[in-house]
Structures are given as structure tokens and as C-alpha cells.
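Novice: Below is one structure. I have some questions about it.
Only the coordinates and a few stated rules stand behind these numbers; no lab work does. Bear in mind the structure is a predicted one, so any value in this text is a computation, not a measurement. So basically every Cβ, Gly included, is an ideal-geometry build from the backbone, and we count neighbours across all protein chains shown.
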Amino acid sequence: GDSVTQMEGPVTLSEEAFLTINCTYTATGYPSLFWYVQYPGEGLQLLLKATKADDKGSNKGFEATYRKETTSFHLEKGSVQVSDSAVYFCALAPSAGGYNKLIFGAGTRLAVHP
Amino acid sequence: EAEVAQSPRYKITEKSQAVAFWCDPISGHATLYWYRQILGQGPELLVQFQDESVVDDSQLPKDRFSAERLKGVDSTLKIQPAELGDSAMYLCASSPLGQGARETQYFGPGTRLLVL
């Protein structure tokens with residue numbers, strides 16, 4: 001079945017460092033891909049999304065490109081801040097089926113130190 | 001900005017007791033989702049409603065879990081009896097249309113359940 005695999009955390013960085021969180025997926029057809037962020041004690045917030053191959057989603061300095069050939073959707077940010085400390089989830093919405101189900105990866109915890 | 005509301009935020013119960021969680025989606029959203037997030041894992045869909053109808057409950061443990069959305073607006077998720085393994089965060093989400101749309105889902109703050 002469809003699945004999402006993320007790099008294990010925690011990822012620990014110094015402020016202003018470059019961030020990459022790897023995400024690969026297994027799915028039939030052309031799923032939509034998402035990154036959600038979860039701050040401590042809160043629900044999930046959509047960070048960015050891409051709905052077709054080669055699309056780039058971007059928001060708040062974060063970017064991810066939908067790579068069909070490598071089935072990947074890696075999250076990047078050029079310069080992280082302490083406020084970016086959170087858990088990041090990669091997710092897909094399958095193209096098959098009539099309803100809008102999300103399948104999540106296990107999440108990657110990011111800790112940014114001053 | 002409209003938000004998904006959930007209550008309670010925290011719930012502690014003893015095993016074999018009944019618990020219930022409530023969710024009020026963003027106004028006008030036809031699709032409502034309940035997810036369970038076990039500590040250290042990603043959310044997993046329990047049940048999905050399109051208006052008042054269940055369209056996916058394949059991962060819902062139906063011997064102890066039930067969910068309803070009687071008027072197609074707010075929803076209640078119930079567990080009876082609760083077991084130790086039910087300790088988790090229960091997240092509610094909504095989206096405007098759902099069917100065939102692959103839209104953004106908007107999440108509430110969640111209810112954290114601890115079963116003792």
C-alpha cells in the first residue's frame with residue numbers, strides 16, 4: 001500500500017544552518033504531497049504542498065520539490081531559526097480513490113540552538 | 001481565521017471507562033477526519049465523514065470505538081471501554097469538499113488521552 005518514509009530524528013542544528021529533511025514515498029499514480037509542522041502541544045499546520053511532478057511548494061523560507069523520478073519530497077530551508085524547532089511530517093494524499101485521505105510519515109523532530 | 005475546535009484538550013481516564021471527544025470543524029467544511037497519533041509516530045486515519053456519512057472507517061477498532069456526525073457539522077468520537085494502548089493524541093481535521101479534491105486538511109489542537 002501507499003506509504004511515506006522520513007529520515008529519523010532528532011535533527012539538531014545551530015541557528016542559521018541549512019536544513020534538509022528527507023522524505024520518500026511509495027504510491028501508485030500521482031499523489032499530492034504535503035509537509036505539515038507540529039509545534040509543542042499543538043495540532044498540525046500545513047507548511048507547504050505540491051500536487052504534481054516538478055511542482056515546488058514554498059512557505060516561510062521552506063521549500064520542497066515533487067520529484068517523481070526519485071519519489072521524493074525533501075524539505076529544505078537555507079537558514080533555520082530557533083522558532084523553527086518542531087516536528088515535521090511528510091504526507092501524501094493518494095491519487096486513487098475518491099476521498100481525500102492523508103498518509104503520514106513518522107515525523108522528524110528538529111531542534112535549533114542559538 | 002476560522003479554526004477547528006476540539007475538546008477536551010486533555011483527558012485522563014482509567015481503563016475500562018468510557019471517554020468521548022468532540023470536534024467542531026471549520027464552518028462549511030463538508031469533510032471531517034479523526035486521526036490517532038501515538039507518541040513518536042505520524043497520525044493515522046481512524047474515520048472520515050463526508051457530511052453525515054462515514055466514507056472510510058477501515059482503521060477504526062469498531063469493537064470499542066464509535067464516531068458520529070449526526071447533522072453533518074460537529075462530531076463525537078467515543079471509546080468504550082478504554083484500554084491502556086489507547087493513550088494517544090486524537091486529532092480532528094476538516095476540509096471543504098473532500099471527494100476527489102485532494103485538498104488541504106485543517107487540523108485542530110487535538111485531545112491528549114492518557115489511560116491509566
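Novice: Lys/Arg Cβ at +1, Asp/Glu Cβ at -1, dipole of the protein assembly as shown taken about the Cα centre: which of B:82, B:38, A:30 is farthest positive-ward?
Specialist: B:82
Novice: For chain A, how big is Rg over Rh, using alpha carbon atoms and the Kirkwood form of Rh?
Specialist: Rg/Rh for chain A comes to 0.97.
Novice: Right, here's the next one. Would you work out the Kirkwood radius for region B:5-61? I mean one over the mean of 1/r across all pairs of different Cα atoms, in Å.
Specialist: After inverting the pairwise mean of 1/r, the radius is 13.1 Å.
Novice: Oh, and also: Once the other residues with Cβ under 10 Å from the Cβ of residue A:65 are scored (Lys, Arg +1; Asp, Glu -1), what is the net sum?
Specialist: -2
Novice: OK, next. Provide the net charge surrounding residue A:76, with neighbours chosen by a C-beta distance below 14 Å and charges set as Lys +1, Arg +1, Asp -1, Glu -1.
Specialist: +2
Novice: May I ask you to derive the relative contact order of chain A, considering only C-alpha pairs under 8 Å and at least 6 residues apart, and to give it as an integer percent?
Specialist: The normalised contact order for chain A reaches 37 percent.
Novice: Also: Please compare each pair in A:60/A:101; A:52/A:77; A:49/B:11; A:49/B:15; A:101/B:62 to a cut-off of 31 Å on the Cα-Cα distance and tell me which ones are over it.
Specialist: Pairs exceeding 31 Å: A:49/B:11; A:49/B:15.
Novice: Shifting gears a bit: Projecting each Cα onto the charge dipole of the protein assembly as shown (Lys/Arg +1, Asp/Glu -1 at the beta carbon, about the Cα centre), which of A:74, A:18, B:8 comes out farthest on the positive side?
Specialist: My answer, from the dipole projection, is B:8.
Novice: Picking from B:104, B:22, A:88, whose Cα lies most toward the positive end of the charge dipole for the protein assembly as shown (charges on Cβ: Lys, Arg +1; Asp, Glu -1)?
Specialist: Farthest towards the positive pole: B:22.
Novice: Which value in Å is the Kirkwood Rh of region A:1-46 over different Cα pairs?
Specialist: Across region A:1-46, the inverse of the average 1/r is 13.2 Å.
Novice: Give the average, rounded to an integer, of partner chain Cβ atoms located within 10 angstrom of each Cβ in A:32-38.
Specialist: 3
Novice: Considering only DSSP states other than H, G, I, E and B, which chymotrypsin sites (Phe, Trp or Tyr not before Pro) in region A:1-94 qualify as loop sites with at most 15 other Cβ atoms within 10 Å?
Specialist: Hits after loop and neighbour filter: A:18.
Novice: Once you wrap a convex hull around the alpha carbon atoms of the protein assembly as shown, what is its projected area averaged over all directions, in nm²?
Specialist: 12.4
Novice: When only C-alpha pairs under 8 Å and at least 6 residues apart count, what is the relative contact order of chain B, in percent?
Specialist: Contact order relative to length: 37 percent.
Novice: Go through region B:51-98 and name the trypsin sites (Lys or Arg not before Pro) that are in a DSSP coil and have 15 or fewer other Cβ atoms within 10 Å of their Cβ.
Specialist: Those satisfying the criteria are B:62, B:64, B:71.
Novice: Evaluated at 4 °C with a viscosity of 1.567 mPa s, what Stokes-Einstein diffusion coefficient in µm²/s does chain B have when Rh comes from the Kirkwood expression over alpha-carbon pairs?
Specialist: It comes out at roughly 92 µm²/s.
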